[in-house]
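To keep things clear, I will list the structure first and then write my remarks on it.
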Amino acid sequence: MSKEPIIVHAIIDGKKVETENKLPRENPTHPDEIVGYAPINTKEEAIRAIDAAYNAFKSWAWSDVEDRIARMKRAIQKIKDATPEIAELLSREHGKALYDAEGEIAVSLMWMEFACDHVKNVVTPQEKKHENGRTIITFDPIGVVSAITPWNYPISLSTIKIAPALLTGNTMVLKPSPFAPLAVSRVAEIIADEFPPGVLNLVHGEADVGIELTSNEKVAKIAFTGGTKTAKSIMKAASETIKKMTLELGGNDAAIVLEDFDVNDERALRRMVISNFLTAGQICMIAKRVYVHRSIYKEFVEKYIEAANKWIRVGDPFNPDVTVGPVNNKNQVKYVQSLIEDAKSKGAEVIKLGKIISPDLMENGYFLQPTLVLGADYHDPIVAEEQFGPTVPILPFDDEEQVIALHNESIYGLTSSVWGEVEHAIKVARRIEAGTTMINTAAIQGLDVRFPFGGVKQSGVGREYGEEGLKSYTETHVINIPKNLDLPYIPE
Ligand code: NAD
C-alpha cells in the first residue's frame, strides 16, 4: 500500500519548525518506498527547544495538577481517536505487524491513564506533626527533561516519559530515533497541542542533537531508553552538570524452564514462542536465551518447534495472518545474521521456524526467517550478547545452581522469566538478578504498567511505570518548622 510520503516537523515553543534537511524513513517491508521524512535538526535548533522548555518551566512548574490531568486526558482521547491512522503509520515505518502496532498504542494509553489517575498520590504534599513541631514534604518538578528514545517501541517508550514528566510539572524536549520517527511525532504533536507552548518540544536528529540534549546546562534530567553503549556516553556528557537520570538499557533476558514445566501445556509453549519472537525479537525484554532442565530438554525442544511453527507466520505486516514482520533496519539484519553465522561456524544447529506467508517480499524486504539455535556454547555471542532479532538459542542445564549462575553472570539484568510449578518458580526467581522476573510468561505478556519497570546492573538506572516511575520526575523538598530551634549540645 504505497502512499504519499508524510512529512513531520520539529515542534519548538508550540510552533512547527520548517527544516531544510530531512531524513527519509523507508518501509522495511518494501525498502524502495519512502514512508515519510523527519527533519534533521541542528544543534542550534536543539538549543532553541531547550530554551523554550526552560522558559515554559517557570510557570508550568506551578500549574495546578488538575489542569495538567485534564490536558493529558484530552490528549489521550485524541490519540485513541487517531489510533487506526497512527498504528498504520507505525507499522509501515517500523515493520511491526499491525496488531503489534495497535498493541503498542494500547499499552501507551493504559500507562497514560494510570499516570493521570495516580499523579495526585505522588505530588500531593505531606504534612507531618511530631514532637519537634511540623514538617512539610513537597514533591516538586525537576525542570527540563531531555527524553531520548529508541526505534523498537517509539510510542510507548516516549509516552512512558512524556506523561509522568508533564503531569508532575516538568517540561520536555523529546528526541525520537531516526529509525522510526514518524508515528511518535504524530503522538507528540497531539500531546503538545494540549499543553502551553514550550511544555513539550520535539526535535529529531542524530548524535549531535543527542549530545546537546544531554550536556546543556539547562537540562535537569535525562530520560533515556536505548543501548548500553550510548548510555555510557550520555552519562559522561551529563556528568559535568550532575543531571538526574533514568536509563532503560539493553538486556539479555533469560527464560529458565524448570524440570516441573509441563511440556504438554500448549498455551505455555505458545507464550514462550511469543516471548522470543514478538516484534521480530526486537524488544528489550524479549526472552533472548532459554535454559531448559536437561531431564525435559529433548521433549521441550520438539514441542517448542511445533508451537513455533504454528504461531510464527512471517510476512507483510498488514496481512492479518502475519504474526512476525520484517526487522526494522538493514544493520540489524546484518548483525543478527552475523551472530547466527558465528554459531553455525562453531557447530551449532540452526533450525528455521514458522511459515513464510509473503514469499514475494522476502528478498527485498528486511526479512529474516526466525531461527532456533541448538548446541551453542553458554558463552558464544549468540547466547551472551543481546541479539535484538528473530533468533533464540535453547540450551540445557543440569541443576538450579548452574542455571542461576549462568543467568546472573550477564552484565545485564532487565527482565527474566521462570517457567514451572509456581511456588518452585518463585523460589528460583528470588535468586535472579533482574528488575522484573515473570512466572510462566515473559516479555510484554507479563508487563504491568502499575508496577515499576527497569533494569539492574548495566541494564539501567532507576525505574519507569508505576507510582515509582511518576516519582522519578520529582524532587523531594522538606520544609522543617521545628519547635526547638536551638540545638542543646552546641555551647553558648
Ligand atoms: P541507541 O542507543 O542506538 O539509540 C537510542 C537513542 O539515542 C536514539 O534516539 C539515538 O538517536 C540516540 N543517540 C545516539 N547516540 C547518542 C548520543 N551520543 N547522545 C545522545 N543520544 C544519542 O538504541 P536503539 O538502537 O535505538 O535501540 C535498541 C537498544 O535499546 C537495545 O539495546 C535495547 O535493548 C534498548 N532498549 C531498552 C529498553 C528498556 O526499557 N530497557 C527498551 C527498548 C529498547
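The values are calculated or read from the model by the stated rules, or taken from the named source; none is laboratory data. Just so we're clear, the structure is a prediction, and the values are computed from it rather than from any experiment. Note: ideal-geometry Cβ built from the backbone for every residue, glycine included; neighbour counts use all protein chains shown. These accessible areas exclude ligands, DNA and RNA; they are computed on the full protein's heavy atoms, side chains included. Shrake-Rupley method; radii C 1.70, N 1.55, O 1.52, S 1.80 Å.
Return the total of residues in segment 125-144 being under 17 Å from residue 59 (Cβ atoms) and either open to solvent by less than 20 Å² (accessible area, probe 1.4 Å) or out of contact with any Ser or Thr (no Cβ under 9 Å at 6 or more places or on another chain) (or both).
Here is the first cut: in segment 125-144, the ones under 17 Å from residue 59 (Cβ atoms) are 140-144.
From what's left, either open to solvent by less than 20 Å² (accessible area, probe 1.4 Å) or out of contact with any Ser or Thr (no Cβ under 9 Å at 6 or more places or on another chain) (or both): 143-144.
Residues flagged as under 17 Å from residue 59 (Cβ atoms) and either open to solvent by less than 20 Å² (accessible area, probe 1.4 Å) or out of contact with any Ser or Thr (no Cβ under 9 Å at 6 or more places or on another chain) (or both) within segment 125-144 amount to 2.
Is it the case that residue 219 is in the same structural domain as residue 377 (by TED's automatic domain parsing) and either hydrophobic (A, V, I, L, M, F, W, C) or free of Cβ contacts under 8 Å to residues at least 12 places away in the same chain (or both)? Against the criterion (in the same structural domain as residue 377 (by TED's automatic domain parsing) and either hydrophobic (A, V, I, L, M, F, W, C) or free of Cβ contacts under 8 Å to residues at least 12 places away in the same chain (or both)), residue 219 does not qualify.
What is the residue count in segment 59-75 for residues that are among the hydroxyl-bearing types (Ser, Thr, Tyr) and either open to solvent by less than 40 Å² (accessible area, probe 1.4 Å) or without any contact (Cβ under 8 Å) to a residue 40 or more places away in the chain (or both)? Residues that pass the stated criteria total 1. All of 49, 97 fail the test of being in contact with a Pro (Cβ under 8 Å, 6 or more places away or on another chain) and of a type in the set (A, V, I, L, M, F, W, C), apart from 97.
The rows are residues; the columns are (1) in the same structural domain as residue 156 (by TED's automatic domain parsing); (2) charged (D, E, K, R).
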| site | (1), (2) |
| --- | --- |
| 433 | no, yes |
| 438 | no, no |
| 473 | yes, no |
| 492 | no, yes |
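Only helices (runs of 4 or more DSSP H) wholly contained in segment 394-492 count here; list those with 3 or more residues that are open to solvent by 40 Å² or more (accessible area, probe 1.4 Å) and touching a residue at least 12 places away in the same chain (Cβ under 8 Å). Break it down into steps so the answer makes sense when it comes.
Working: elements: 400-408, 422-429, 466-471.
Where helices (runs of 4 or more DSSP H) fall fully within segment 394-492 and carry at least 3 residues being open to solvent by 40 Å² or more (accessible area, probe 1.4 Å) and touching a residue at least 12 places away in the same chain (Cβ under 8 Å), they are 466-471.
Has segment 81-99 got at least one residue that is out of contact with any Lys or Arg (no Cβ under 9 Å at 6 or more places or on another chain), hydrophobic (A, V, I, L, M, F, W, C) and within 30 Å of residue 479 (Cα to Cα)? Among the residues of segment 81-99, not one is out of contact with any Lys or Arg (no Cβ under 9 Å at 6 or more places or on another chain), hydrophobic (A, V, I, L, M, F, W, C) and within 30 Å of residue 479 (Cα to Cα), which makes the answer no.
Number of residues in segment 312-362 that are in a strand (DSSP E or B), among the aliphatic types (A, V, I, L, M) and more than 27 Å from residue 180 (Cα to Cα): the value is 2. Taken over segment 44-80, the criterion of being within 30 Å of residue 3 (Cα to Cα) and aliphatic (A, V, I, L, M) is satisfied by 75, 76, 79. In segment 420-479, the residue that is nearest to the ligand (Cβ to nearest atom) out of those that are touching an Asp or Glu at 6+ places or on another chain (Cβ under 7 Å) and charged (D, E, K, R) is 464. Scan segment 211-230 for residues that are open to solvent by 10 Å² or more (accessible area, probe 1.4 Å), closer than 19 Å to residue 45 by Cα and either near the ligand (Cβ under 7 Å from one of its atoms) or among the charged types (D, E, K, R) (or both) and the total you get is 4. Looking only at segment 76-113, residues that are crowded, with 22+ Cβ neighbours inside 10 Å and over 23 Å from residue 450 (Cα atoms) come to 11 in all. Within the set 298, 330, the sole residue that is charged (D, E, K, R) and under 28 Å from residue 33 (Cβ atoms) turns out to be 330. Scanning segment 232-258 for residues being more than 20 Å from residue 281 (Cα to Cα) and either of a type in the set (Val, Ile, Thr) or near the ligand (Cβ under 7 Å from one of its atoms) (or both) gives a total of 6.
Would you check if there is a residue in segment 156-174 being in the same structural domain as residue 79 (by TED's automatic domain parsing), at pLDDT 95 or above and surrounded by fewer than 24 Cβ atoms within 10 Å (Cβ to Cβ)?
Keep residues of segment 156-174 that are in the same structural domain as residue 79 (by TED's automatic domain parsing), which gives 156-174.
Those left that are additionally at pLDDT 95 or above: 156-174.
Still in the running and surrounded by fewer than 24 Cβ atoms within 10 Å (Cβ to Cβ): none.
Checked against the condition, which is being in the same structural domain as residue 79 (by TED's automatic domain parsing), at pLDDT 95 or above and surrounded by fewer than 24 Cβ atoms within 10 Å (Cβ to Cβ), segment 156-174 yields no hits at all.
Restricting attention to segment 371-388, does a residue exist that is at positive phi and surrounded by 22 or more Cβ atoms within 10 Å (Cβ to Cβ)?
So in segment 371-388, the residues at positive phi come out as 375, 388.
Those left that are additionally surrounded by 22 or more Cβ atoms within 10 Å (Cβ to Cβ): 388.
Looking for residues that are at positive phi and surrounded by 22 or more Cβ atoms within 10 Å (Cβ to Cβ), one finds at least one in segment 371-388, hence yes.
Just one of the numbered conditions (1) open to solvent by 20 Å² or more (accessible area, probe 1.4 Å); (2) more than 16 Å from the ligand (Cβ to nearest atom) is not true of residue 284: (2). Within segment 194-210, if we keep just the residues that are surrounded by 16 or more Cβ atoms within 10 Å (Cβ to Cβ) and within 18 Å of residue 151 (Cα to Cα), the residue that is nearest to the ligand (Cβ to nearest atom) turns out to be 210. Just checking, does segment 184-193 include any residue being in a helix (DSSP H, G or I), surrounded by fewer than 23 Cβ atoms within 10 Å (Cβ to Cβ) and touching a strand residue (DSSP E or B) at 6+ places or on another chain (Cβ under 7 Å)? Yes, segment 184-193 contains at least one residue that is in a helix (DSSP H, G or I), surrounded by fewer than 23 Cβ atoms within 10 Å (Cβ to Cβ) and touching a strand residue (DSSP E or B) at 6+ places or on another chain (Cβ under 7 Å).
Scanning segment 162-183 for residues that are more than 16 Å from the chain's Cα centre (by Cα) and assigned to a loop (DSSP other than H, G, I, E, B) returns 168, 169, 170. Among the strands (runs of 3 or more DSSP E) confined to segment 1-76, the ones with at least 2 residues that are β-branched (Val, Ile, Thr) are located at 10-12, 34-39.
Need at least 3 residues that are within 16 Å of the ligand (Cβ to nearest atom) per element, so show me which strands (runs of 3 or more DSSP E) inside segment 97-161 make the cut, counting only ones lying wholly within it.
Working: elements: 126-130, 133-141, 144-148.
Counting at least 3 such residues, we get 144-148.
Taking the criterion of being among the polar types (S, T, N, Q) and over 30 Å from residue 3 (Cα atoms), the residues of segment 81-136 that qualify are 121, 124, 126, 132, 135.
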